[in-house]
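Submitted below is the structure of interest, expressed as structure tokens.
The values are calculated or read from the model by the stated rules, or taken from the named source; none is laboratory data. Not measured: the values here are computed from a predicted model. Quick reminder, even Gly has a Cβ in these numbers, built from the backbone with ideal geometry, and neighbours come from all protein chains shown. Side chains included, ligands, DNA and RNA excluded: accessible areas come from the protein's heavy atoms. Shrake-Rupley method; radii C 1.70, N 1.55, O 1.52, S 1.80 Å.
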Amino acid sequence: MAPLRLGSVAPDFDAETTTGPINFHEFVGDSWAVLFSHPADFTPVCTTELGEVAKLAPEFAKRNVKVIGLSTNDLNDHDKWVDDINEVNNVNVAFPIIADKDRQVAALYDMLDSVEHDPSNVVNGIPFTVRSVFVVDPTKKIRLILTYPASCGRNFDELLRAIDSLQLSDRQPIATPANWRPGDEVIVHVSVPTDKAKEIFPQVKEALPYLRFATLPKEDAE
């Protein structure tokens, strides 16, 4: 199988989850989706991450993004673990978590760790997942890939920021600069001549011939 890259069609699969069986492409539907993996149930970093995603559920929904987790335990473990997550984080985990005990989905998305990288994340020769993130758009194409080691919890505010950038660049001919936040100036895409940019954006500032900052139209400014 060819390696997954930005622009690849996200591999489809069927799986059992905490909210019932799903087909991944049907789950995504006309929405965006975030598929994110966890090494195992009843682990400390994952417990904080899933709690944070539950807290941010309204933010994902506002962006038309569905979230779906994955861990390499069975549904019985998942159900018990969700109780812990809810209690510790004072949340209600309502999004599905894939039961990938046989690691079929993890292998499909190349999520599995290795002894060479982290021997503590491979037990009796059986690898657990790293902290993978795949952002998938409504056409089922992969738009963002992030990979964190098991020891490092993810920054989900950054994930939301990146999704904002992706969705905005789909609507407008722009790129976003370092540390950009919604409401900040954007960069005019290199394919757009300056004269044309001035017709599109309320204000255009040329820092260099190839670096032009712009303010967004009101409907995209927030």
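Step by step: first the residues of the range 187-205, then only those that are in contact with a strand residue (DSSP E or B) (Cβ under 6 Å, 6 or more places away or on another chain) and open to solvent by 70 Å² or more (accessible area, probe 1.4 Å), then the one that is nearest to Pro217 (Cα to Cα). Which residue is that?
Filtering first and then ranking leaves Pro202.
Can you pull out every residue in the range 163-182 that is more than 23 Å from Lys141 (Cβ to Cβ) and either open to solvent by less than 50 Å² (accessible area, probe 1.4 Å) or in contact with a Cys (Cβ under 7 Å, 6 or more places away or on another chain) (or both)?
Listed by number, the list holds a single entry, Pro177.
How about the range 154-190: which of its residues are part of a helix (DSSP H, G or I), hydrophobic (A, V, I, L, M, F, W, C) and farther than 24 Å from Leu50 by Cα?
Within the range 154-190, Leu168 is the sole residue that qualifies.
Of all residues being surrounded by fewer than 11 Cβ atoms within 10 Å (Cβ to Cβ) and outside any strand (DSSP E or B) in the range 206-222, which is nearest to the chain's Cα centre (by Cα)? Just the residue, please.
Out of the qualifying residues, it is Glu222.
Also, quick follow-up: Go through Thr72, Thr48 for me and flag whichever is of a type outside the set (A, V, I, L, M, F, W, C), surrounded by fewer than 16 Cβ atoms within 10 Å (Cβ to Cβ) and in contact with a helix residue (DSSP H, G or I) (Cβ under 9 Å, 6 or more places away or on another chain).
Thr48
Could I ask something else about it? I'm trying to understand the selection: among the residues of the range 33-45, which are among the aromatic types (Phe, Trp, Tyr) and surrounded by fewer than 23 Cβ atoms within 10 Å (Cβ to Cβ)?
Initially, the range 33-45 is screened for residues among the aromatic types (Phe, Trp, Tyr), giving 36, 42.
If the condition is that a residue be among the aromatic types (Phe, Trp, Tyr) and surrounded by fewer than 23 Cβ atoms within 10 Å (Cβ to Cβ), then Phe42 is the only one that fits.
Suppose the filter is under 17 Å from Ala150 (Cα atoms) and touching an Asp or Glu at 6+ places or on another chain (Cβ under 7 Å); does Ala106 pass it?
Answer is yes for this residue.
For Ala61, work out the one condition from (1) outside any helix (DSSP H, G or I); (2) open to solvent by 20 Å² or more (accessible area, probe 1.4 Å) it doesn't fulfil.
Condition not satisfied by Ala61: (1).
Next up: Might you check whether a residue that is in contact with a helix residue (DSSP H, G or I) (Cβ under 8 Å, 6 or more places away or on another chain), open to solvent by less than 50 Å² (accessible area, probe 1.4 Å) and either at pLDDT below 85 or not basic (Lys, Arg) (or both) occurs anywhere in the range 115-126?
Of the residues in the range 115-126, the ones in contact with a helix residue (DSSP H, G or I) (Cβ under 8 Å, 6 or more places away or on another chain) are none.
Checking the range 115-126: not a single residue is in contact with a helix residue (DSSP H, G or I) (Cβ under 8 Å, 6 or more places away or on another chain), open to solvent by less than 50 Å² (accessible area, probe 1.4 Å) and either at pLDDT below 85 or not basic (Lys, Arg) (or both).
Could you figure out which of (1) open to solvent by 40 Å² or more (accessible area, probe 1.4 Å); (2) more than 29 Å from Leu166 (Cα to Cα) isn't true of Val82?
Failed condition: (1).
Might you check whether a residue that is assigned to a strand (DSSP E or B) and not acidic (Asp, Glu) occurs anywhere in the range 191-203?
yes
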